[in-house]
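Only the coordinates and a few stated rules stand behind these numbers; no lab work does. What you are looking at is a predicted structure, and each value in this text was computed from that prediction instead of being measured. So basically every Cβ, Gly included, is an ideal-geometry build from the backbone, and we count neighbours across all protein chains shown.
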Amino acid sequence: MAVPSSGELQFTDFQTEFGGSNPIAMSEYYGLSTLPASNEISAADFYGTTAIEAEGTAWTTTTSISTSRDRRLTRGVGGEGDHVLMGGYTGAARVGLTDEWNGSAWGTASTMPGSGTTAGHASGGSGGLTSNDAGSFGGYRYENVTYEYNGSAWSTTGNMATGRQSVSGCGESTTAMLSAGGDNGSKLTTTEEYNGASWASGGALSVGTSALGVNGSQTAALGMMGSNGTINLQTTSEYNGTSWSAGGSVSMAAGQDPNAWGNDMNSTHVSGSSGDKAAHELYNGTAFTTKTSHNTGRTSAGSGGGAGSGFVASGSGTSAITPTCEKWV
Amino acid sequence: MLYFRKATQGESKGFITHADRDVFEVFGYGRVWVTEVNSDALAWAVRNSLEEITKDAAQVILDQARDAAMMQWDKRIKEDPLDVRPERETIR
């Protein structure tokens, strides 16, 4: 989580993000993130800064979640030791289960809202960066609901204008989430932006697309692959807060529901789509490079985390929904 | 409720703003848009050149769109076993 971007800062804010010991010395932080490499560092220089993780090199299979599911678990979010998985499809039912990662194991948390025919939640999107500030929106079938999770309880907030399933999303907090594409019977170009209370129209995708992978923020996001209703896509698009434009093309086979995560748009990981469940690539803002494949191929998983703390949890394996999870470290 | 038809499907930035959402409820069904009845919703429709229509006319447009989506779905090869057939929906 970044250092706060405004207001009064304390030394503990710097130490929480970047580490360090007491007595604190500003020179400890030379050159980290966007901080000056020498001379004077002011407290204001720390506003919004984030420790840059070393890129992971391998997948480690972790303990499994209690109830395996796919349909993207409405896309998990979180950093190291701070992951949360929301909703999903067990193969028999759409569920409102919530799972949290405590750094060594998964545990269940309070169930998402929803009742009647909309019980459970699958094929929605999500945003937020921590398990104390996560959001979920849309879902099966043509849902327009938005839910927020504060680490202990769920609340229902402002609806999307256009209800849809197979919607994708991202965002740095529940005050700045982005929803992209989806399906309400037709593949949608619709993008909506959430400010913590309501959704407003964003720039339209060039092609109506459902089941994209999306990573980044409300003003710098990458949308990848998905379905246009006729074929699965291999293309990507970048969003700048106003409009979408073409991004680099992935090497992996065209497919839907890729797992997407990363610190920001320009360090986006994409792994395991319906076209190739084991493939894994990293985007640097210009092009994709191939990275180590999953131990167990999977798509439609919950995914989140950063460059050296990514996780891809559960999802559709080669022949069945798998409960296993993998961390990128 | 008020019912509107949009000439083309797809929205651009500013079509609905947070300020709009603060003052009226709006529900999108592709080219059909439904709002609560108030002057802010009417002003929004004028701003976006939407045509006011009856609820029955709105339902017909939505049905036609869904029927076309169902026909397209029936024709294509289903690569995803959990891909579900579109269905009709009663407009609110």
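Mean separation of Cα pairs under 8 Å and 6+ residues apart, divided by the residue count of chain A: what relative contact order is that in percent?
Reported as a whole number, the value is 15 percent.
Taking the Cβ of each residue in A:294, A:83 as the centre, tally the other Cβ atoms inside 10 Å and list the residues starting with the fewest.
Ordered by Cβ neighbours within 10 Å, fewest first: A:294, A:83.
Determine the equivalent ellipsoid of chain A by diagonalising the alpha-carbon gyration tensor, then write out the semi-axes as square roots of 5 times the eigenvalues, largest first, rounded to whole Å.
30, 21, 21
Taking each residue in B:6-18, count the Cβ atoms of any other chain within 10 Å of its Cβ, then average. What number comes out?
Taking all residues of B:6-18 together, the mean is 6.
Counting pairwise Cα distances across the range A:1-153, what percent come out greater than 21 angstrom?
Tail fraction, whole percent: 55.
Taking every pair of distinct Cα atoms and averaging 1/r, then inverting, what Kirkwood hydrodynamic radius in Å comes out for the range A:239-279?
Final number for the Kirkwood radius of the range A:239-279 is 11.4 Å.
Which number do you get for Rg(Cα) / (2.2 N^0.38 Å) in the range B:2-54?
Dividing the Cα radius of gyration by 2.2 N^0.38 Å gives 0.99.
State log₁₀ I(q)/I(0) for the range A:1-69 at q = 0.13, 0.14, 0.18, 0.20 Å⁻¹ as given by the Debye formula over alpha-carbon point scatterers of equal weight, solvent excluded.
These q points yield log10 I(q)/I(0) values of -0.49, -0.53, -0.71, -0.80.
Taking only the alpha-carbon positions of the range A:233-303 and ignoring solvent, what does the Debye formula give for the base-10 log of I(q)/I(0) at q = 0.12, 0.18, 0.23 Å⁻¹?
-0.28, -0.63, -1.02
Round to a whole angstrom and tell me the spacing of the C-alpha centers of the range A:41-73 and the range A:83-114.
The two parts, judged by their Cα centres, are 18 Å apart.
What fraction of the Cα pairs in the range A:72-181, stated in percent, has a spacing above 23 angstrom?
Value for the range A:72-181 (Cα pairs over 23 Å): 16 percent.
Only Cα pairs under 8 Å and at least 6 apart count here; give the relative contact order of chain B as a rounded whole percent.
The normalised contact order for chain B reaches 32 percent.
Which aspartates and glutamates, if any, have their Cα less than 18 Å from the Cα of residue A:291, not counting same-chain residues under 8 positions apart?
Here the aspartates and glutamates satisfying the reach criterion relative to residue A:291 are A:53, A:55, A:264, A:276, A:281, A:326.
Mind jotting down a quarter of the surface of the convex hull over the alpha carbons of chain B, in square nanometres, one decimal?
Projected area, direction-averaged: 6.9 nm².
For chain A, what does -39500 (n - 2.57) per DSSP helix run (n ≥ 4), summed and divided by total residues, give at 222 nm, in deg cm²/dmol to the nearest 500?
Calculated from helices alone, the mean residue ellipticity at 222 nm is -500 deg cm²/dmol.
In nm, to one decimal, how far is the modelled label at residue A:243 from the one at residue A:43, with both set 7 Å along Cα→Cβ?
Inter-label distance under the simple model: 4.2 nm.
Any idea what the relative contact order of the range A:1-52 is, in percent, if you count C-alpha pairs under 8 Å spaced at least 6 apart?
Relative CO of the range A:1-52 lands at 49 percent.
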